[in-house]
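Throughout, read-outs are computed from the coordinates displayed, never taken from laboratory work. On a predicted model such as this, the values are computed, not experimentally measured, just so you know. FYI the Cβ positions are ideal-geometry reconstructions off the backbone, even for glycines, and counts take in every protein chain you see.
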Amino acid sequence: MKFSPTSLPEVVLVEPDVYRDDRGFLLETYHAEKYRAGGIDCVFVQDNHSRSVRGTLRGLHAQWQRPQGKLLRVIHGEIFDVAVDIRRGSPTFGKWAGEVLSSANRRQMFVPGGFAHGFLVTSETAEILYKCSDFYAPAEERGVLWNDPKVGIEWPLDGIAPQLHPRDAAFPALDRAPEKDLPVFAP
């Protein structure tokens, strides 16, 4: 199993060992001790399953007061997965990291609490499974505008307009988010 930091050191790309034979394959999708040794020391309390069609862009979501760490993987299709550092005082505040996750590459991405998260579906459909380190709290949910020009995410839209939830389209740019709502960087 390989754990690699992305351009944001706390955001980790996981490449599991895949054991194949003529019957199919087997891989561990989570092993607490191995993930802890790889830098992902979270207690996960909730699992989610999402299905979306091509062009769906979900995010950028965060829970301000009860941050959620997320460990994502795709079981069908492909997505472009993104994390944005929204922690006040962080040396990487406003920076983003993005990775292609697919059922073919079997990669996972860990997005720690304090980061906004979103993804774009690049295949006809995609199904995503993710573990969360805190429960979903609708009253705590905030977000950052998916196309904030100061963040500058390079979404692979290939000329299509993304399908957005009205809430996601209405999120503020990061520099307009109320400071009191942003998590604080704790080195």
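A few comments on the model shown:
- Kirkwood Rh in Å, taken over all unlike Cα pairs in the stretch 22-80: 14.6 Å
- Table column - 3J(HN,Hα) (Hz), the stretch 58-73, Karplus curve with 6.51, -1.76, 1.60, x for Gly and Pro: 10, x, 8, 9, 7, 10, 5, 8, 10, x, 10, x, 10, 10, 10, 8
- Over all orientations, the chain has a Cα convex hull whose mean projected area works out to 10.9 square nanometres.
- When each of 92, 122, 29 is scored by the number of other beta-carbon atoms lying within 10 Å, the sequence from fewest to most is 29, 92, 122.
- Here residue 163 and residue 36 are evaluated by their C-beta separation; at R0 = 45 Å the FRET efficiency comes out at 0.75.
- Computed on the stretch 53-187, with alpha-carbon pairs under 8 angstrom and 6+ residues apart, the relative contact order is 38 percent.
- Vicinal HN-Hα couplings computed from phi for the stretch 84-100 (Karplus, 6.51 cos²θ - 1.76 cosθ + 1.60; Hz; Gly/Pro x): 10, 6, 10, 7, 3, x, 6, x, 10, 3, x, 8, 10, 9, x, 9, 7
- Extending 7 Å from Cα along the Cβ direction at residue 43 and again at residue 186 yields two label points whose distance is 1.5 nm.
- Note, ³J(HN,Hα) from phi for the stretch 111-116, Karplus 6.51, -1.76, 1.60, rounded to Hz, x at Gly and Pro: 10, x, x, x, 10, 7
- Residue-averaged 222 nm ellipticity for the chain, from DSSP H runs of 4+ at -39500 (n - 2.57), nearest 500: -1000 deg cm²/dmol
- With both residues required to sit in the chain, DSSP beta bridges show an antiparallel share near 95%.
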